[in-house]
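In what follows, a structure is listed as structure tokens, so that the remarks can point back to it.
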Amino acid sequence: MNDAKTQLEAIRKRIDEIDEELIKLMAKRTNFARDIAMLKKSLNLPINDSEREKEVYEKTRKLCNKYKFDEEIGVKIIKILIEHNKDIQSKYLKE
Ligand SMILES: C=C(O[C@@H]1C=C(C(=O)O)C=C[C@H]1O)C(=O)O
């Protein structure tokens, strides 16, 4: 019983560490939004690039299969990050 409690605590500690890594990586991905916005402005390109998004979603599906993670959940998470990235790009370009 006590052993199970110790194991539960150990797993939760690992989950906390993983959550921190996830947030760190999401921030890292999102922090490219400003540079991307500036480069697109100089190249006269729109913020939205549906071809690139298609590639990102395809890659996401492949990675989900590779790591045995639910494909639809993976795509949902990436969609949130893509939309957030585009919102930030728009904000920078409005400044
Ligand atoms: C970041 C970009 O801008 C947008 C956001 C994307 C993303 O977050 O992956 C992909 C395509 C674009 O719609 C980009 O063009 O690479």
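Since every read-out is calculated from the coordinates, none of them should be taken as a lab result. Just so we're clear, the structure is a prediction, and the values are computed from it rather than from any experiment. Glycine gets a Cβ as well: all are built from the backbone with ideal geometry, and neighbour counts include every protein chain shown.
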Quiz prompt | Set of lysines with alpha-carbon distance to Lys59 below 18 Å, sequence-local pairs under 8 removed | solution = Lys68, Lys76, Lys79
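Give the relative contact order (percent, whole number) for the chain; include only Cα pairs under 8 Å separated by 6+ residues.
36 percent
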Practice problem: With only alpha-carbon atoms counted, please give the Rg and Dmax of the chain, in Å. | Solution: 18.0, 64
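Could you tell me which of the pairs Lys24/Lys86; Lys62/Lys86; Lys24/Lys94 are separated by over 29 angstrom between their Cα atoms in the structure shown?
On the way: Lys24/Lys86 19 Å; Lys62/Lys86 23 Å; Lys24/Lys94 26 Å.
Pairs exceeding the cut-off: none.
Within 10 Å, count the other beta carbons around each residue, average over each peptide in 11-22, 31-42, and list them highest first. List each step's numbers first, then the result.
Working: 11-22: 10.1, 31-42: 14.0.
Put in order of decreasing packing, that is 31-42, 11-22.
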Exercise. Please find the FRET efficiency linking Arg12 to Glu58, where r is the Cβ-Cβ separation and R0 is fixed at 25 Å, and quote it to the nearest 0.05.
Key: 0.15
Quiz item: Which of the aspartates and glutamates could be linked to Lys54 by a straight reach, that is with a Cα gap under 20 Å, when you skip same-chain ones fewer than 8 residues away?
Solution: Asp70, Glu71, Glu72, Glu83, Asp87
Quiz item: Expressed as a whole number of Å, what is the distance separating the alpha-carbon centroids of region 11-30 and region 40-86?
Solution: 19 Å
